[in-house]
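Step one of this worksheet: look at the structure below.
What follows draws every value from the coordinates through simple rules; no lab data is involved. Values in this document were obtained by computation on a predicted structure and should not be read as measured data. No Cβ is skipped: glycine too gets one built from the backbone with ideal geometry, and neighbour counts run over all protein chains shown.
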Amino acid sequence: MNKIFILFTIGCLIVIRFTYAQSTNYELDQLILNQVDSGKFNGVVLVADQNRIIFQKAYGFASIEKQEPNLITTKFRIGSLTKQFTSMLIMQLVEQEKISLEGQIRNYLPELNLDSKATIEQILHHTSGIQDYTEVEIGCNIDKQMSDTPKEFAKCFQKLQSDFEPGKEWSYSNTNYFLLGILIEKISKTTFEKALKENILDPLQMNNTGYLNKNSENFAQGYTKIDNQLLETDIADIAIAYSAGGMYSSIVDLYKWHKALLTDQLLKKENLDKIFAQNKTVDPSFYGFGWFVDHHWQFKDYRTFHEGGIDGFSACIDRYLDNGICIIVLSNFEFTESRVDLTDPIAKILFESKK
């Protein structure tokens with residue numbers, strides 16, 4: 001009799017779990033379809049709960065003109081999500097004792113004649129004070145400079161001013177992570193692309209992720225909107241983003257990345273913890289190394305996250321580590337509001353289902 005009762009109980013639990021999963025998936029799908037139907041989203045979404053994928057789906061087209069559908073393996077530009085890979089490469093060099101977080105960037109790259117006294121740690125934290133080259137006039141012919149090398153382009157950074165003394169304030173600057181890419185190339189004696197592939201992508205078998213591969217197969221066409229008209233974007237000058245935003249990936253690969261960050265596969269725990277440690281020397285203190293870090297005010301969960309936006313594309317990854325939740329959104333609509341319209345509402349559905 002007890003055996004029958006146990007089997008009955010197990011059966012009931014399986015049915016309840018299956019029903020819960022179906023209900024949650026339906027709610028997630030409807031949320032995303034509302035964004036698709038309103039013309040705000042075109043792309044792919046992956047959701048994991050308790051470190052297990054519960055939802056992954058592609059919406060719309062990789063190429064509207066060719067009517068090629070998006071797939072969960074479709075490659076998208078990820079913009080500033082690149083920074084978390086750059087910070088990992090830097091911390092691997094720190095772990096190998098090839099560079100120091102306390103070392104000044106100008107001492108490592110004297111050939112650039114940088115005026116800033118910012119340390120590597122301050123550059124990782126965006127507390128260097130160095131102006132963002134994408135936001136100010138740097139007096140260089142970008143197309144000409146980028147036809148050479150990133151280091152040649154970075155010589156233009158001599159003209160950038162410091163908005164504040166290093167370590168005194170926080171200001172997001174793409175220049176910081178561009179300089180880190182040049183440092184990686186110099187210390188590793190290879191290109192940023194090869195360092196990325198050898199030290200992160202190949203070990204994790206992230207085969208749909210890379211840097212600046214314009215001719216790659218299964219690549220989404222990016223779109224922007226001008227005067228309410230959908231237009232294709234050109235990626236010819238994508239090299240200007242470099243190690244601050246020049247990568248592409250897929251949701252499948254980014255989930256591999258998420259899982260690897262839960263282990264010491266790429267970096268010892270003590271150094272991995274530094275990546276996700278808030279900077280306590282300035283206010284606001286919510287930025288680690290290539291990641292925003294906070295304790296979500298509504299869901300009361302430790303969160304690491306970042307958004308990325310680049311011509312024709314938007315991207316977002318949110319990781320709620322206390323509950324093993326990971327939400328990844330990639331879109332080939334530049335104007336998609338990933339956080340407001342998707343990742344935050346998706347998180348709300350997941351957390352409310354746990355009540």
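If packing is taken as the mean number of other Cβ atoms within 10 Å per residue, what is the order of 181-189, 296-304, 121-129, 242-250, highest first?
Descending packing order for the listed peptides: 242-250, 121-129, 181-189, 296-304.
Please give the net charge around Ser314, taking every other residue with its beta carbon less than 14 angstrom from that of Ser314, where Lys and Arg add +1 and Asp and Glu add -1.
-2
Peptides 283-292, 220-229, 312-321: what's the order by average Cβ count within 10 Å, highest mean first?
Result, highest mean Cβ count within 10 Å first: 312-321, 283-292, 220-229.
Filter the chain for me: DSSP H helices, axial length by Cα at least 15 angstrom, mean Kyte-Doolittle hydropathy not below -0.5. List them by residue number.
Helices passing the filter in the chain: 2-37, 82-95, 174-188.
Nearest 500 deg cm²/dmol is fine: what mean residue ellipticity at 222 nm does the chain get from its DSSP H runs of n ≥ 4 alone, each adding -39,500 (n - 2.57), divided by its residue count?
Using -39500 (n - 2.57) per qualifying helix, the result is -10000 deg cm²/dmol.
Which of the peptides 270-277, 325-332, 90-97 is most tightly packed, and how do the rest follow, judged by the mean count of other Cβ atoms within 10 Å per residue?
Final packing ranking: 325-332, 90-97, 270-277.
With each pseudo-label sitting 7 Å past Cα toward Cβ, what's the Glu270-Lys194 distance in nm, one decimal?
Result for the modelled spin labels: 3.2 nm.
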